Amino acid sequence: MRTVDPNLWSKKVTKPILNVSRPIKFGLNEFSGAETRFRKSFHEAMVEFCRNSSVEGFRFILDKESPKPIRLLYLIVLLVTMVCGLIVVAWNIHWFWHRPRLTVNQQTVQHPVQQIDFPAVAICSYNIISRSALDDYAKYIYLLDTNHIYTMKEIKQNLLTFGALHSRSEATIDPRFVSYLDEVARETNVTNILYKLSPKCESMLVRCSWRAQRTDCQRLFATRLATSGFCCIFNSRYSTVDRNNPPRRVNMMGQDAGLRVVVREDADDFTLVRHPGDNVEVDIFDGIQFPTIRAGVFRFYAAARNASVFFKLSVQAQEPASSLQSHSDKWLGCSLARGAAAARSWSLCVARCRARAALALCGCAPHTLPPPHDSARVCSLEHLACLAKHKEKFSFLYPGEGAHESLSEERQDSVWCAHCRVGCARLRYSAEIVTSPHTPLLFLNRFFKGLDLTNTTIISIYYEKENQRLYLLDIGLRWYEVFAAISSQCVFVVGLTVLSVIEFIYHLTFRWYHYYMLHWRQDRRLRNLKKTQPTNKINNI
């Protein structure tokens, strides 16, 4: 069955067809429908754009006076060039989208040390348990026990096993000894027990000076717990009791203007050590960070005994740009802190994350890590086997699914702490070390007058240069920079300019709407004209 007259099928719909002998189906009635008006208006708008465009190629293609083969060849070349150019532009947009969002730029302005916080300094002994402290505490417990259930030697041996909690290594323990301490000494707090057995800062620090003035060491240093054990720490603010302390800063450069400490340790007092040797451990880090190993926030140094060790400080200060304040920490990938100093302590967050992992696996938190909450149980001797089993897991952070194959161990035995973000503002300290054995010429100074330097280490930490490097953390590419880069590529590869794009948008909107309304009015006039003419009845045969 035919639906359209064969004489009318191949004719182009340019104007309404009147007086047909058979009605046309599928919307091709005597008048142009909405779809036809849309196509015709779009076609006329694009033709007008090509004839009046600032792009020379479009006008040449529609110029009928030029030879048709040349125009066709030019059209093919133009289309291929534009397709290739659009692919290049799309690739560059993809590259812009996946490039790092932030960039670090070194500033040329002067950044004097008077405006930079002096680093926190932790002086830690390799000795975990002091022989003299062990003898005193064992004698104290032995005198409290009137029944003498344990001998003096057995008490010392059981107290030494508490040192295995620091290294998280397996040891032979007596499960009754913890109950024995509770009954006799009323002491079950592992942190207090290890503190009583550790060497004290009062005996280690002999003499101190700060900013060219001799100062009591107890006013400068405080005993704080770190992953290395109990250390004598200067200028720290990560602990709750120190969080409100103002950071210390120097006002001059030179050896005398910084921090100078004389440390003395007796090698015969070493009972249980963390590392072989008799050096002094010196840690330099940002004061708001928790001094934890394998967190990348502090520098570890070993200072030799019977020598003067000079630490020439240098710092790289990074500050976030003001434009970053409008972005979230998730988008930035770092923490702006926004006034809370503890929020940008990434190492403290990692330490608490490891403590939560130990709490989930072993039911306790190690004493060397900050507890995740106040009611968390501190690990004791009964948890030593579990801590030794998961020792590696507490040391590594999960690197992610896309990590290199060389990090296979970290992917299997690690802790997931993705919620911890590095601070956008940070201070990265480093030091150049110069070690000099003790000689009489070094002590022509009032600071060393009357001081016995046997078994001592003189530690001098200072700035040698006044101006330090300052870096600004800023957005890599802003939206207008990306637009400018893509626009230049469009001009070079595609041949489009901002003016041509505006012309195209103008013809695609305003001119198209003009032609569409023009055809709509024509159709309405034809419709009204049909209503006034007599209708012809067509007899179907």
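Before moving on, here are some points about what is shown:
- Residue match in the range 380-398 (condition: touching a strand residue (DSSP E or B) at 6+ places or on another chain (Cβ under 9 Å), without any contact (Cβ under 8 Å) to a residue 24 or more places away in the chain and under 30 Å from residue 252 (Cβ atoms)): no
- Residue selected from the range 108-154 under the condition of a type in the set (Val, Ile, Thr) and in a helix (DSSP H, G or I), by the criterion nearest to residue 318 (Cα to Cα): 113
One line per residue, one yes/no per condition, for (1) within 11 Å of residue 120 (Cβ to Cβ); (2) aromatic (Phe, Trp, Tyr); (3) part of a strand (DSSP E or B):
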residue	(1), (2), (3)
219	no, no, no
225	no, no, yes
231	yes, no, yes
238	yes, yes, no
241	no, no, no
247	yes, no, no
252	no, no, no
255	no, no, no
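- Failed criterion for residue 292 (all others in (1) farther than 24 Å from residue 130 by Cα; (2) open to solvent by less than 60 Å² (accessible area, probe 1.4 Å); (3) in a loop (DSSP other than H, G, I, E, B) hold): (1)
- Residue, modelled with the highest pLDDT, within the range 76-112, restricted to residues that are aliphatic (A, V, I, L, M), open to solvent by 60 Å² or more (accessible area, probe 1.4 Å) and over 18 Å from residue 484 (Cα atoms): 104
- Within the range 299-312, the set of residues being in contact (Cβ under 8 Å) with a residue 60 or more places away in the chain and open to solvent by 10 Å² or more (accessible area, probe 1.4 Å) comprises 299, 301, 304, 305, 306, 310, 312.
- From the list 381, 336, 324, 397, the one residue that fits, being in contact with a Ser or Thr (Cβ under 7 Å, 6 or more places away or on another chain), farther than 18 Å from residue 292 by Cα and crowded, with 16+ Cβ neighbours inside 10 Å, is 381.
- Looking only at the range 42-72, and only at residues there that are of a type in the set (Asp, Glu) and modelled with pLDDT of 70 or more, the one that is farthest from residue 515 (Cα to Cα): 65
- Residue within the range 453-466 that is in contact with a Pro (Cβ under 9 Å, 6 or more places away or on another chain), open to solvent by less than 60 Å² (accessible area, probe 1.4 Å) and in contact (Cβ under 8 Å) with a residue 60 or more places away in the chain present: yes
- Any hit, the range 345-360, residues being closer than 27 Å to residue 476 by Cα, at pLDDT below 85 and hydroxyl-bearing (Ser, Thr, Tyr): yes
- Within the option set 137, 142, 150, being free of Cβ contacts under 8 Å to residues at least 24 places away in the same chain and either farther than 21 Å from residue 365 by Cβ or of a type in the set (Val, Ile, Thr) (or both) holds for one residue only, 142.
The values are calculated or read from the model by the stated rules, or taken from the named source; none is laboratory data. Please read all numbers here as calculations on a predicted model, not as lab measurements. Glycine gets a Cβ as well: all are built from the backbone with ideal geometry, and neighbour counts include every protein chain shown. Quick note on the areas: whole protein, heavy atoms, side chains included, nothing else; ligands and nucleic acids left out. Shrake-Rupley method; radii C 1.70, N 1.55, O 1.52, S 1.80 Å.
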